[in-house]
Amino acid sequence: MMTDYAIETSGLEKIYRSAFRRREIKAVSDLTLRVPAGVKYGLLGPNGAGKTTFVKMLLSAVHPTAGSAALFGQDARHNAARRPVGYLPENHRFPTYLTGYGMLDFYSALSGLESRERKRRVPEFLDLVGLNGWGDVRLKKYSKGMLQRLGLAQALIHRPRLLILDEPTDGVDPVGRRAIRDILNELSGTGVTVFINSHLLSEVESFCDYVAIMRKGQLALEGKISNLLTGGGYRITASIVPEAGLMELRRMGAAFLPATTGGLLVQLPTRDEANAAIDVIRGSGGFIESVLASTNSLEDLFIQATEAGKAA
């Protein structure tokens, strides 16, 4: 199935139930998200926001209570949908008795690569992540940064179309973070979609094209970073906007912000784009409440999104 989206979810929800206290905990609630193919996308949120649960549902490691998820148009629950995906989990654990070469050979075999192809790719990817000369060294002698880079090689070695990274630079020193970022930047223009789950604002701001922020299992904000952080943008408050209007605004690249009084709050970088968005909202049957000039930093937006509703 042809699609413009690498990741597409609709009403995705995960509820954990405690038999002991008969409580329900909504880890993810009614999350609808579309990640365009070929972009660099960052998912932000404080600890406990539901980011990792969301990623696990994409990979069918956790089954959703409700809603659906698709990868390149295929139901994420099917094995075939996950074949073009590379994944580096948070706090991964590789067998320390393996060497770097042995580890990549083992995981590439799990990805379906034949022996001849593995012999060619393993040295290539060790070199890609700056571990040339470490292939015969056991992993117990690797530093945290080296293990992260090796994990990145593991996620890339079968040449995925979608790369999902869960806190890829967590616990890595600045030099290691820069090395990982440089490797990921080399993927630009290759058609690979990079989806990063992180709590590091600076990393996402410097690397990603798009960002989404989660709060208490819900999507609090989404959009193009260039639109969100524009110095001379326009913020439009609207109400009663039908789904057709929302879809057209997303296609335009409008950034969706958390609305403190209900309704819809979007941001556009230029006057012409703001006027076009106003036409879309009105044309779909929505109502314009206000239009204001604005400026933001990602930190401002993060705080605004994660603090919204606390006083309620």
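Points worth noting:
- Pairwise centroid distance, computed over Cα atoms, of the stretch 186-238 with the stretch 17-83, Å: 18 Å
- Recomputing percent of Cα pairs over 29 Å apart from the coordinates shown identifies the correct label among (i) 41; (ii) 36; (iii) 47 as (i).
- Computed packing ranks the peptides 105-113, 46-54, 91-99 as 46-54, 105-113, 91-99, most packed first, by mean other Cβ atoms within 10 Å.
- Beta bridges by DSSP in the stretch 5-213, antiparallel share as percent, to the nearest 5: 50 percent
- Label-point separation, residue 74 to residue 307 (7 Å along Cα→Cβ), nm: 4.5 nm
- Residues of the stretch 169-191 with amide N under 20 Å of a point placed 7 Å along Cα→Cβ from residue 159: 183-191
- Per DSSP, loop chymotrypsin sites (Phe, Trp or Tyr not before Pro) in the stretch 202-236 with at most 14 further Cβ within 10 Å: none
Only the coordinates and a few stated rules stand behind these numbers; no lab work does. Just so it is clear, the model here is predicted, and its values are computed rather than measured. We place every Cβ from the backbone using ideal geometry, glycine too, and count neighbours over all the protein chains shown.
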